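Structure, as structure tokens:
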Amino acid sequence: MSCKDIMNSAPPVLQKGTTVADALALLRQEKRMNLPVTDAKGKYLGLFGAHQILMLALPKGARADDEQNLAFIADSVGDVISRLKVVAAHPVERYMDSESETLTPDTPLVETLHILYLRREDLPVVDPVSQLLKGIVTIRSSLGKLMVTE
Amino acid sequence: MHHVPATLFGIDPLWLSSLILIVTYAVIISEKINRAIAALAGAGVMILAGALNQEMAVRGIDFNTIALLTGMMIIVAITRKCGVFQYVAVVSAKVVKANPAGVLLMLQVITAVFSALLDNVTTVLLIVPVTLVICEELKIKPYPVLVAEIFASNVGGTATLIGDPPNILIGSATGMSFNEFVFNLAPIAIVIQLLYLGIFHLMWGRKMRASDENRARVMAMDERLAITDVRLLKQSMGVLVLVILGFVMAHPLHLEPGTIAMTGAAILMLLNNFGKKAEDQSEHVHHTFGEVEWVTIFFFVGLFIVVAGVEHAGLLNLLAEKMLALTGGDMKATALAILWSSAILSAIVDNIPFVATMIPLIESMAPAFGGPEALKPLWWSLSLGACLGGNGTLIGASANLTVAGLAERGGVTFRFLPFMKLAFPLMLISIAISNFYVMWRYL
């Protein structure tokens, strides 16, 4: 058994050029933590999701140092929303994570589960040669499939 | 007297060691291979090729410099966690009522002061993120403030023995005290910093504007919340003050700066771990050691061995003779040649290998000038040139690249040429002032 046996091969995707606002709407609609970003030919470009949106909600200085304590900043909800409004019309590829780990359809099952356990997030499955998106493995769906198999 | 090993294929040690030095430095400059790997590989080849044996190589390592760097890195790794640097930055912005021109000025001043007492890279690592936060709240462009901080870090670092690696190297090699560095370099560093404060105010500060609403956001920041651990703050500040006092008192007590920094690091780790379970202590200490910049430490180790190789082969004596022949053995000409050449070279290449090579070269000029005491103008020229020259380009000092990297993550782009067009002339002004200072005070 390998990754392809537990992956969702027709996941919702964000097309290159999708705005941050539209991406947020799709994430909420699909109840996903993140979604893969692809180009028109289906080539995988990166991941965009809750992590990137939280980053965009923070002051830019926070991105420069992950260990920085920001308790001294007195921003309100309105300040945070206004930061998100600034980027709402920007394309997702500007902020997506293009360096995060990907799986291949042939990644062995145990290694797939191991990576899911370590990363604690849904992971894209990408063909290692063509770089085309083949599917996505979510923690929820993989556990579901394993239970059905049993 | 050491046993001199036979060189590979019987090649003249002078040519062999020079070739190894040139190849090592070329690899470092190319940045294709990590500089610590390049330096250590060069050191290994120097020994394997027979230019040095292991005993000579180990004797070539300046362990005082290594201990000083490592000790200060440990102290800063622990201190930074208490949030004192954000605290000072926020207070400094509030002191000037969040006026953008005042913020620009204050952030330069605190960067210069921190850089004089700590490593420059560490200083900018701590100041840049909070600078980006303050600029965003004020809705002013962060680029001018970050450029001014680059200059302040390099100028501040020039002022003390521990402020910048070239000074650490010079201080350790010559045995000159912390106080001697302060008395000789701090006055000129202050003059140059004041000049930069004026220039940056005229260029940028006086045109910066922030609305009352945005200034109020900075004034609403609660600096006390930046402090994450009051106990750690007290411990860190106590140890830092003791270490600085130790540097000031080191000479009469016959202590080396490396001993003081390492002892300070040990005391701070002891205080920080006191009363904790053995497993927690191991985890804490492991984490603290993990924050030491081992790339820099091993880079120094490798360089010391490579330089020892060429020094032992007589290359540096030969170069010193050539340089004296060029300057006619005149102290003034030699000092100014060192000042300007080290400034230009330090703007283009890493100043650490340059200074590491220049130190034994200058030392070998002692007989020509009447002994080691007479070399002091040359040491101050080397320090001023190497430290201030780092301002000339984005790659001139590690702190510059660190600022650019952090700024990039915060959405601010630094480009090599625009920075150089602005920075190189400003750097030359500081060297011209240093030229007059060296002539007026020492020649």
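What does the net charge come to around B:ILE74 if you take all other residues with beta carbon closer than 14 Å to its beta carbon, with K and R at +1 and D and E at -1?
Details: positive: B:ARG80, B:LYS81; negative: B:ASP119, B:GLU291, B:GLU293.
Once positives and negatives cancel, what remains is -1.
Amide H contacts for A:LYS134 (H built 1.01 Å from N in the peptide plane; partners 5 or more residues away or on another chain; cut-off under 5 Å): A:VAL125, A:VAL126, A:ASP127. Legend: residue pairs A:LYS43/A:LYS145; A:LYS16/B:LYS81; B:LYS207/B:LYS421; A:LYS31/A:LYS134; A:LYS4/B:LYS32; B:LYS234/B:LYS376, Cα-Cα distance threshold 28 Å; pairs beyond threshold, A:LYS16/B:LYS81; A:LYS4/B:LYS32; B:LYS234/B:LYS376. For the range A:106-119, putting each phi into the Karplus relation 6.51 cos²θ - 1.76 cosθ + 1.60 with θ = phi - 60° gives couplings of 9, 4, x, 4, 5, 5, 4, 5, 4, 5, 4, 4, 6, 7 Hz, in residue order, rounded to whole numbers and with x for Gly and Pro. Taken as Cα centroids, the range A:38-83 and the range B:228-246 sit 34 Å apart, rounded to the nearest whole angstrom.
Once both axes come from the Cα atoms, what is the angle between helix B:165-174 and the longest principal axis of chain B, in degrees from 0 to 90, rounded to 10? Once rounded, one gets 40 degrees. Computed from backbone phi, the HN-Hα couplings of the range B:52-66 come to 9, 9, 4, 4, 5, 5, 5, 5, x, 7, 8, 6, 5, 4, 4 Hz, rounded to whole numbers (Karplus: 6.51 cos²θ - 1.76 cosθ + 1.60, θ = phi - 60°; Gly and Pro given as x).
Calculated accessible area for the protein assembly as shown comes out at 45 Å² per residue, all protein chains present (probe 1.4 Å; ligands, DNA, RNA ignored). Of all the accessible heavy-atom surface of the protein assembly as shown, with the other protein chains kept in place and a 1.4 Å probe, what percent is carbon and sulfur? C and S atoms contribute 65 percent here. The mean count of C-beta atoms from other chains within 10 Å of the C-beta of residues in A:53-65, rounded to a whole number, is 6.
Comparing each chain alone with all protein chains together (probe 1.4 Å, DNA, RNA and ligands left out), the residues of the range B:406-429 losing at least 40 Å² of accessible area are B:ARG409, B:GLY410.
Specify whether the C-alpha gyration tensor of the range B:296-387 places it in the rounded, prolate or oblate class, a ≥ b ≥ c being the square roots of the eigenvalues: rounded for a/c under 1.5, otherwise prolate if a/b is larger than b/c and oblate if not. Note, shape of the range B:296-387 comes out oblate. Shape class for the range B:155-256: oblate, because the ratio a/c of the largest to smallest gyration tensor axis (alpha-carbon atoms, square roots of eigenvalues) is 1.5 or more and b/c is at least a/b. In the range B:220-239, burial by the other protein chains removes 30 Å² or more of 1.4 Å probe accessible surface, compared with the chain on its own, from B:MET221, B:LEU225.
In the range A:74-88, comparing the full protein assembly with the chain on its own, the residues that lose 20 Å² or more of accessible surface at a 1.4 Å probe are A:ALA74, A:ASP75, A:ASP79, A:ARG83.
Taking only C-alpha pairs under 8 Å that are 6+ residues apart, what is the relative contact order of chain B in percent? Don't jump to the answer; show the numbers that get you there.
Details: 657 pairs, mean separation 102.7, N = 443.
Relative contact order for chain B comes out at 23 percent.
Counting only alpha carbon atoms, the long axis of helix A:77-87 and the longest principal axis of chain A meet at about 70°.
Suppose only helical runs count, i.e. DSSP H with n ≥ 4. What mean residue ellipticity at 222 nm does that imply for chain B under -39500 (n - 2.57) per run, divided by all residues and rounded to the nearest 500 deg cm²/dmol? Working shown, then result.
Numbers: 22 runs with 337 residues, N = 443.
The helix-only estimate for chain B comes to -25000 deg cm²/dmol at 222 nm.
Taking a ≥ b ≥ c as the square roots of the Cα gyration tensor eigenvalues, the range A:3-146 comes out prolate, since a/c reaches at least 1.5 and a/b is larger than b/c. When A and B come together, around 1700 square angstrom of accessible surface is lost from both chains combined, probe 1.4 Å. Counting Cβ atoms of other protein chains within 10 Å of each Cβ in B:210-217 and taking the mean gives 1. For B:ASN317, the shell of other residues with beta-carbons less than 15 Å away shows a net charge of -3, using +1 for Lys and Arg and -1 for Asp and Glu.
For A:ASN8, neighbours were defined as the other residues whose beta-carbon sits under 15 Å from its Cβ, and their charges (Lys and Arg +1, Asp and Glu -1) total +2.
The values are calculated or read from the model by the stated rules, or taken from the named source; none is laboratory data. Remember, predicted model here, so these are calculated numbers, not experimental data. Here the Cβ is made from the backbone with ideal geometry for all residues, glycine too, and neighbour counts use every protein chain on show. Accessible surface is based on the protein model in full, side chains and every heavy atom, while ligands, DNA and RNA are left aside. Shrake-Rupley method; radii C 1.70, N 1.55, O 1.52, S 1.80 Å.
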